[in-house]
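A short write-up of the structure that comes next.
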Amino acid sequence: MKNPKLALLIGIFCISLFPVLVKATPVSGLSSAFYRMAIAFALLLPIVLFKKKLEKPNTRTAWIIVLCGICFGSDIAVWNIAIQKSTATQATLLTNLAPIWVGLGMFFFLPEKPNRNFWIGAFLALVGMVVLIGTETFYQFKFDIGFVFGILSGVFYAIYMLLSKYVLRQMSSLSFITYSMAVSSLFIGGICLVYKQPFFGFSTSVWGVLVVQGIVCQLIAWTLLSYVTQKMEANRVSLSLLSQVLVTSLIAWLFLGEIITLQMLIGGLIILIGIGITFYKTKES
């Protein structure tokens with residue numbers, strides 16, 4: 001696919017399905033996270049090897065890939081727990097605060113600084129999220145495990161985004177996600193062993209959902225998003241993923257019965273306006 005914005009749109013839709021699938025499926029969050037990564041990796045590796053597309057990283061890049069895999073695996077694992085301990089919408093909202101951490105990370109640690117339009121767009125998008133979810137929900141937030149893990153998921157994802165930008169300057173997105181998913185699978189699998197989470201004994205319907213998560217929510221979605229990250233600024237990709245809150249809310253309303261109101265629709269529109277502003281570059285940019 002040669003259109004990064006179209007790839008971003010499809011990728012967002014694919015990952016927007018994930019919170020609803022996790023919430024609706026009676027399986028451990030850690031087990032679900034493991035199979036999401038492992039199934040995607042098992043399908044991708046033969047394709048990459050057959051096409052001889054697997055590039056060998058240098059030592060520095062290899063260590064950063066390991067960190068990326070650990071951060072992404074941690075993101076998915078704690079996000080799954082946040083979804084199961086709260087709601088699909090709230091967990092998605094909290095993890096999508098990642099653009100703030102990405103922007104701050106770029107500001108403090110990278111030469112590529114967020115421009116004025118990024119901060120204006122980020123502010124509007126955050127206002128939109130407040131409107132979307134409702135101020136009363138923020139007032140009622142408690143520091144339970146669902147809340148903490150939702151925030152932590154966004155932090156892990158922001159670190160992943162910043163590190164992956166470096167790696168994607170060194171190698172193709174296909175090679176990167178292959179290595180990254182291998183590390184994530186091993187990392188989450190190890191956590192499952194430590195905490196004695198189940199690997200087998202699921203019903204046919206649960207296995208079906210796990211396969212969909214691996215193929216659609218991981219393999220397709222993150223192949224597209226890694227390509228987009230290679231072509232676009234990391235902070236703008238991360239901010240665009242805020243629209244996942246809107247899509248997930250809609251899907252949760254349709255299939256989980258989570259209520260969607262005019263207030264939520266207005267909030268979603270503000271989010272999209274904020275995202276649009278971040279794509280606009282002034283002459284100074």
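Against the definition (buried (at least 24 other Cβ atoms within 10 Å of the Cβ) and within 20 Å of residue 165 (Cα to Cα)), how does residue 98 come out, yes or no? Break it down into steps so the answer makes sense when it comes.
Values: buried (at least 24 other Cβ atoms within 10 Å of the Cβ): yes; within 20 Å of residue 165 (Cα to Cα): yes.
Answer is yes for this residue.
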Task: Counted residues, the range 164-186 - those being over 15 Å from residue 40 (Cα atoms) and of a type in the set (Phe, Trp, Tyr) - done: 1
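Out of 102, 66, which single residue is assigned to a helix (DSSP H, G or I) and within 20 Å of residue 154 (Cβ to Cβ)? So that I can check it myself, show each step before the final result.
Values: 66 fails: within 20 Å of residue 154 (Cβ to Cβ).
Only one candidate qualifies: 102.
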Open item on the list: Looking at the range 178-190, I want the residues that are farther than 14 Å from residue 76 by Cβ and touching a residue at least 60 places away in the same chain (Cβ under 8 Å) and have a partner that is crowded, with 22+ Cβ neighbours inside 10 Å and of a type in the set (D, E, K, R) with Cβ atoms under 8 Å, at least 6 apart or on another chain. Which pairs are those?
Closed with: none
Open item on the list: So, in the range 242-263, how many residues would count as being at pLDDT below 75 and either under 20 Å from the mean Cα position of the chain (by Cα) or of a type in the set (Gly, Ala, Ser) (or both)?
Closed with: 1
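Each row is one residue, and each column tells you yes or no for (1) open to solvent by 40 Å² or more (accessible area, probe 1.4 Å); (2) polar (S, T, N, Q); (3) at pLDDT below 95.
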position	(1), (2), (3)
154	no, no, yes
166	yes, no, yes
179	yes, no, no
207	yes, no, no
Open item on the list: Looking at the range 264-277 only, could you name the residues that are open to solvent by less than 80 Å² (accessible area, probe 1.4 Å) and either under 20 Å from the mean Cα position of the chain (by Cα) or modelled with pLDDT under 85 (or both)?
Closed with: 264, 267, 268, 271, 274, 275, 276, 277
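The values are calculated or read from the model by the stated rules, or taken from the named source; none is laboratory data. No experiment lies behind these values; they were computed from the predicted model shown. All Cβ positions, glycine included, derive from the backbone under ideal geometry; neighbour counts span all protein chains shown. Heads up: the accessible areas ignore ligands, DNA and RNA and are worked out on the full protein's heavy atoms, side chains in. Shrake-Rupley method; radii C 1.70, N 1.55, O 1.52, S 1.80 Å.
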